[in-house]
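The values are calculated or read from the model by the stated rules, or taken from the named source; none is laboratory data. These numbers come from a predicted model, not from an experiment. With ideal geometry, Cβ positions are generated from the backbone for all residues, glycine too; neighbour counts draw on all protein chains shown. Areas reflect the complete protein model, heavy atoms only, side chains present, ligands, DNA and RNA absent. Shrake-Rupley method; radii C 1.70, N 1.55, O 1.52, S 1.80 Å.
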Amino acid sequence: MSTTFTLDTATSRANPTPSPMKRLTVPAIQRRKFEGKTQEPLVMLTAYTARQAQLLDPHCDMLLVGDSLGQVIYGLPSTLPVTLDMMIAHGAAVVRGSYHSVVLVDMPFGSYEASPQQAFASASRIMAETGAAGVKLEGGVAMAETIGFLTQRGIPVMAHIGLTPQAVNALGGYGARGKTQEEHAKILSDARAVAQAGAFSMVIEGVLEDIANAVTDSVDVPVIGIGASARCDGQVLVTEDMLGMFERTARFVKRYDNIAETISHAAQRYAADVRDRSFPGDDQVYRPKI
């Protein structure tokens, strides 16, 4: 059953939802796979803050609180230092700022790999403390048992296969996966394993197009592509990459704006106004009424 959410304007600086909206659900996302190829692809973007969620929510089916926040928000060199507490804090903010999309939270490196029991302890914290609809974890065949353990206990799981950033040291870099027959076979095996284990969806990242197509055709859950194929059941990008916040991005990123330039120009104009004392002006200061 869908849950109706309303915005508490007393705790928000914006009110983007004048009337209640019904939030999408994990089963509704999963059903999209069976509604035919004419169905519109699923739209997913990352979000890390309440305000960002408010702006993205009307346009997305899913919002991912990605561990990419380590690099995007905290300036870390990779996702590996991201902690469970960091993911929970940002996950709760995104849930508070959204009223339509399914919100999913990445499980950070070291919070689930040791055992299914460790994964359940971490995932249950995420679910209870954020209000998110589910979690995302990286890995294929090796994580199938853990995915089954979580889903059997009521925790929806989105899997992540192909290029898995948390395993970048083992993979030897961020290059595209699937360039050999062995890699191709492994990715297909990973996809089938996580689907059979109970994952309601999966992200496939940084793989050759024909592999992404094969995976999409061979599993009965939605496949969300990033650096994969337009034939996937949906697409995801890091929002800051899509907005042009960074000079360097992966080949598969399409920039839809140049927000970095906009922010820089605004800061430049503000600095100039402060230095020549034209800010604050008459409209920005308080004076006694005459």
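In table form, for the structure just shown:
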{"read-out": "Trypsin sites (Lys or Arg not before Pro) restricted to DSSP loop in the range 213-263 with at most 11 other C-beta within 10 Å", "value": "248, 251, 254"}
{"read-out": "FRET efficiency, 1/(1 + (r/R0)^6) with R0 41 Å, evaluated for residue 182 and residue 256 via beta carbons", "value": "0.65"}
{"read-out": "Point-to-point label distance, residue 267-residue 248, nm (Cα→Cβ direction, 7 Å offset)", "value": "1.9"}
{"read-out": "Fraction of accessible area attributable to carbon and sulfur, the range 197-258 (%, probe 1.4 Å)", "value": "49"}
{"read-out": "Whole-number accessible area per residue in Å² for the range 22-258, which is evaluated in the context of all protein chains at 1.4 Å", "value": "43"}
{"read-out": "Efficiency of FRET between residue 117 and residue 289 - r from beta-carbon atoms, R0 51 angstrom, step 0.05", "value": "0.15"}
{"read-out": "Rounded tilt (10° steps) of 181-197 against the dominant C-alpha axis of the chain", "value": "80"}
{"read-out": "With every protein chain in place, the range 65-144: carbon and sulfur % of accessible area (1.4 Å)", "value": "63"}
{"read-out": "The range 184-290: chymotrypsin sites (Phe, Trp or Tyr not before Pro) in DSSP coil with no more than 10 other Cβ atoms inside 10 Å", "value": "286"}
{"read-out": "In the range 28-135, GluC sites (Glu not before Pro) in a DSSP loop with at most 10 other beta-carbon atoms within 10 Å", "value": "35"}
{"read-out": "Amide hydrogen neighbours beyond the local backbone of residue 234, cut-off 5 Å, H modeled", "value": "42, 223, 225"}
{"read-out": "Distance between modelled label sites at residue 40 and residue 25, nm, 7 Å Cα→Cβ extension", "value": "2.1"}
